[in-house]
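Shown next, in structure tokens, is the structure this report addresses.
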Amino acid sequence: MRLIAFLALSVLPLTVLGDTAADVRARLLERYPSTPVDEVRPTAIAGLFEVAMGRKIVYVDATGQYFLFGRIFDLPGNRDLTEDRLRDLSRLDVSLIQPDQTLEQGEGSQVVYVFSDPGCGHCKRLDQTLAGMPTLRVRTILLPLQPGSSDLARDIWCAPDRQRAWSTWMLKGARPAPAPESCQADVLERNLALAKRFGIRATPALVSPDGRVSRGALEASALSAWLNPDQTAVSTVAPEVSP
């Protein structure tokens, strides 16, 4: 029996033994050339690798033949390890948001980025909330997605005081004067391209300094909680295991 076991081990593909994540990634790209493989990482389970494909995660053995679709839980630590990684993958790179494409309002110390459309009713409600939170420094990215909002966004951006024009419109409904023909508002196209890159298809969308995204208008208490998450809290509870 020992000889049989030895022979069985000896015929295993040598590349599987001691493989690195780079080895597994190369093997996946070779076997599945039409499948996007962004990153491969080892998991806490020996021989099982995590494969990131966009904002999705699957697991695969070192041979690249057997796939596992599901979640990995650390039961003693009460953590959903897959959820943790999905959260990391969904974070946006806020360094791509350039200062010259935002409207900055407020003098607070806590920054929040807001993709907002001047023709969006929920965006107006959110702006009312933001105006009542003095601890915030709001950096708004004009994103004209609603029908007819492109001209309004251009009028706001081209106003002599664009921050004031934005607040006056969003909080009081007073439209700014039409933009002069000489005004270049190519920033709006840049904003649309950035939103597409970030996967933002609707407004309002909030982005925290660490890249987390919240879609839709939030009330002040919910917004404050979202911006200041309890670092010790467990976001997803692992399932109970019966003895």
Practice item. Tally the DSSP beta bridges in the range 46-183 and give the antiparallel ones as a percent, rounded to 5. Key: 65 percent
Review point. Separation of the range 192-233 and the range 48-94 by C-alpha centroid, Å?
Key: 22 Å
Review point. What does a probe at residue 226 reach in the range 94-113, counting residues whose amide N is under 12 Å from the point 7 Å along Cα→Cβ?
Key: 112-113
Review point. At what distance in nm do the modelled label points of residue 110 and residue 164 sit from each other, each positioned 7 Å from its Cα along Cα→Cβ?
Key: 2.9 nm
Practice item. Label the chain by shape, choosing from rounded, prolate and oblate, from the square roots a ≥ b ≥ c of the eigenvalues of the Cα gyration tensor; if a/c is under 1.5 it is rounded, and otherwise prolate applies when a/b is larger than b/c, oblate when it is not. Key: prolate
Study note, to complete from the structure: Here the FRET efficiency for residue 21 versus residue 125, based on Cβ atoms and R0 = 51 Å and rounded to 0.05, is 0.65
Study note, to complete from the structure: Here, the range 100-243 modelled as identical Cα point scatterers in vacuum has Debye log10 I(q)/I(0) at q = 0.13, 0.16, 0.19 Å⁻¹ of -0.58, -0.83, -1.14
Exercise for review: Rounding to the nearest 20 debye, state how big the charge dipole of the chain is about its Cα centre with +1 on each Lys and Arg Cβ and -1 on each Asp and Glu Cβ.
Suggested key: 320 debye
Exercise for review: Can you spot the aspartates and glutamates whose alpha carbon is less than 20 Å from residue 172's alpha carbon? Ignore those fewer than 8 places along the same chain.
Suggested key: 104, 117, 127, 151, 155, 161, 219
Study note, to complete from the structure: With a Förster distance of 25 angstrom and the Cβ-Cβ distance between residue 75 and residue 53, calculated FRET efficiency to the nearest 0.05 equals 0.40
Review point. Within straight cross-link reach of residue 56, meaning Cα distance under 22 Å, which lysines are found once same-chain residues fewer than 8 apart are removed?
Key: 196
Study note, to complete from the structure: With only helices counted (DSSP H, runs n ≥ 4, each -39500 (n - 2.57)), the per-residue ellipticity at 222 nm for the chain, to the nearest 500, works out to -10000 deg cm²/dmol
Exercise for review: State which stretch of the chain is the longest one without any exposed GluC sites (Glu not before Pro), exposure meaning a DSSP loop state and at most 16 other Cβ atoms within 10 Å.
Suggested key: 1-106
**Study point:** Charge dipole (the chain, unit charges on Cβ, about Cα centre) - positive-most of 32, 119, 163
**Key:** 119
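Computed from the coordinates by the stated procedures, all read-outs in this text should not be read as laboratory data. Model, not experiment: these values are computed from the prediction. Please note: Cβ atoms are built from the backbone with ideal geometry, for glycine as well, and neighbour counts cover all protein chains shown.
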